[in-house]
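J.: Before I ask anything, here is the structure I am working with.
Please treat every number below as a calculation from the coordinates, not as lab data. The model shown is predicted, which means the values in this text are computed figures rather than measured ones. Cβ sites come from the backbone with ideal geometry, for glycine too, and all protein chains shown count toward neighbours.
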Amino acid sequence: EMVAVAAAMQRVVPPPQSVIATGGQLIHSPAWTQMLADALDVRVTASPEREASSRGAALLALHVLGKLPKLWSSTPARGRSYRPRPAVHARYERARRRQQHLYELLFPSIGAAGSGSRTKDLRSRGARR
């Protein structure tokens, strides 16, 4: 799903050169962070920042209020970086395409819409959990 979100974002903004990842699972699990780098096919740097979302919201608020002239003038703390492995990315991409194809066969109207929120889509059509 993270790849689907990234693909949707790339329809309106250029693809990132790298990603700064936050959150306990990524900070404490090199395996998860490497999988993210492989799936997204981009370098991922784990941020040791404990409250990265709060920090980002505060920086955005300061920028909107005119107290922070450049939004990116504050450099976040950075941890270890993980580079994507092309062979692993290719395997993930093949699996993602198979999964998407199967999903479109099982749920043609939902698959065509490609909302990214499959649980919500299924519930809205009256499906039970």
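J.: Could you calculate, for region 1-84, the ratio of the Cα radius of gyration to the Kirkwood radius, expressed as Rg to Rh?
T.: Radius of gyration relative to Kirkwood radius: 1.00.
J.: How long is the gain from ARG98 to LEU71 if the chain were fully straight, where each residue apart is worth 0.36 nm and the alpha carbon distance is subtracted?
T.: Fully extending the segment from ARG98 to LEU71 adds 5.8 nm.
J.: Testing the spin-label approximation: label points 7 Å from Cα along Cα→Cβ at ALA90 and PHE107. State their distance in nm.
T.: With each label placed 7 Å out from Cα toward Cβ, I get 3.1 nm.
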